[in-house]
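Structure record follows, encoded as structure tokens.
The values are calculated or read from the model by the stated rules, or taken from the named source; none is laboratory data. None of these values were measured; they are calculated from a predicted model. Cβ placement follows ideal geometry from the backbone for every residue including glycine, while neighbour counts extend to all protein chains displayed.
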């Protein structure tokens, strides 16, 4: 089973990242990309195994036609880079969990195989 991250826009607003209409969650991407990393990391820390990019609002409707034409590709690429940054940490966490679960399984088998005194 894989666990997907939550609503990044709502979380960005909750942690005080730049967030207003019409830009919505794209504003954090433009003005404070570190807040996007913080949001991704919070979801990973909570157990998410899938990270979505913060690119939903990087569309002309939210950021305007001119800004989209000038910065759209850059912002979409940045949203991917920020997710990738946390993805590396996610792989380490998942690997640690796997090792831990293997250790727990091994410990449980060893305990069960020991004769009762």
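Just a few scattered comments:
- Hey, residue 77 modelled with pLDDT of 55 or more and under 19 Å from residue 50 (Cα atoms) or not: yes
- Residue check, residue 51 at pLDDT 90 or above, crowded, with 16+ Cβ neighbours inside 10 Å and in contact with a helix residue (DSSP H, G or I) (Cβ under 8 Å, 6 or more places away or on another chain): no
- Screening residue 66 against (1) under 22 Å from the mean Cα position of the chain (by Cα); (2) modelled with pLDDT of 85 or more leaves a single unmet condition, (1).
- The residue of the stretch 70-79 that is surrounded by the fewest Cβ atoms within 10 Å (Cβ to Cβ), among those that are within 17 Å of residue 9 (Cβ to Cβ) and in contact (Cβ under 8 Å) with a residue 24 or more places away in the chain, is 78.
- Members of the stretch 9-42 that are under 13 Å from residue 83 (Cβ atoms) and modelled with pLDDT under 95: 40, 41
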